[in-house]
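Contents: one structure, followed by commentary.
Every number here is computed from the coordinates shown, using simple stated rules; none is lab data. Quick caveat: nothing in here was measured; it's all calculated off a predicted structure. All Cβ positions, glycine included, derive from the backbone under ideal geometry; neighbour counts span all protein chains shown.
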Amino acid sequence: MDAVTEAEQVISAARSLFNRGLTHGSTGNVSLRTAAGILVTPTGSSLGVVTAEELSLIDSTGAHLSGPRPSKEAFLHAAILRARPDANAVVHTHSTYSAAVSCLADVDDANALPPLTAYYAMRVGTLPLLPYHAPGDMSLEELAEQEATRHHALLLSNHGPVVAGMTLSAAMDALEEIEETAKLFLLLRTVPTRPLTETEVAALRPPR
């Protein structure tokens, strides 16, 4: 797989997120681990129009190697990829329903969303809510890396979700599952619900 193909994968993911309304304006960022480093969308870019030539390259510490200046949240992508050697891609958005859940006062910090559907349980599992940090605040780096060793999906308070996956497609599938479950959660907040039980969730986990 050459660098052009990898860059095109990042752009394809970016367009998909933007065109489906999972990002807006210049929010959100996408990264992909490659042999040369981590390709990441640049700072101030819209995922709807960014091009392959505009992608940044960073190393595993988040240091800028080449290309335009990377997203101010590139350090977060690097931290999560360090924590998860099985992952090759990270997707972060400010998607509406997930961001709304991240602003609620009564969310469980250990697990922001209940397992309302089987697909959420399979693709996401547990979603910890990390304390608020301003965008680009490097003090989030250590906490995110620590949490990512146990969880491939995180929800940033008053911000949005960040998800790692073996591939960009896997990361995007999980991110979209978070967004749809957040929508269900908000729609159902005023009525009784029956989330999957611990036994039902355990039955969906792949065998070790």
**Asked** Could you give the angle, 0 to 90 degrees to the nearest 10, between helix 74-83's Cα long axis and the longest principal axis of the Cα atoms of the chain?
**Response** 70 degrees
**For Asn111, residues with placed amide H under 5 Å, excluding near neighbours** = Leu129
**Prompt:** Can you sort Ser139, Ser157, Ser95, Ser12 so the residue with the fewest Cβ neighbours within 10 Å comes first?
**Reply:** Ser139, Ser12, Ser157, Ser95
**Request:** On each of the three principal axes of the Cα atoms of the chain, give max minus min coordinate, whole Å, ordered largest first.
**Result:** 51, 38, 32
**Prompt:** Using a simple spin-label model with points 7 Å from Cα along the Cα→Cβ vector, what separation in nm is obtained for Glu54 and Thr117?
**Reply:** 3.2 nm
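How do His92, His159 rank when sorted from fewest to most other Cβ atoms within 10 Å of their own Cβ?
Working: His92 28, His159 22.
If I rank by nearby Cβ atoms, fewest first, I get His159, His92.
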**Positive dipole terminus of the chain, leading residue within Ala174, Asn29, Tyr120 (C-beta point charges)** = Tyr120
**Item:** Rounded to 5, percent antiparallel among DSSP beta bridges of the chain
**Value:** 90 percent
**Prompt:** Taking the Cα atoms only, what angle lies between the long axis of helix 3-19 and the longest principal axis of the chain, rounded to 10 degrees?
**Reply:** 40 degrees
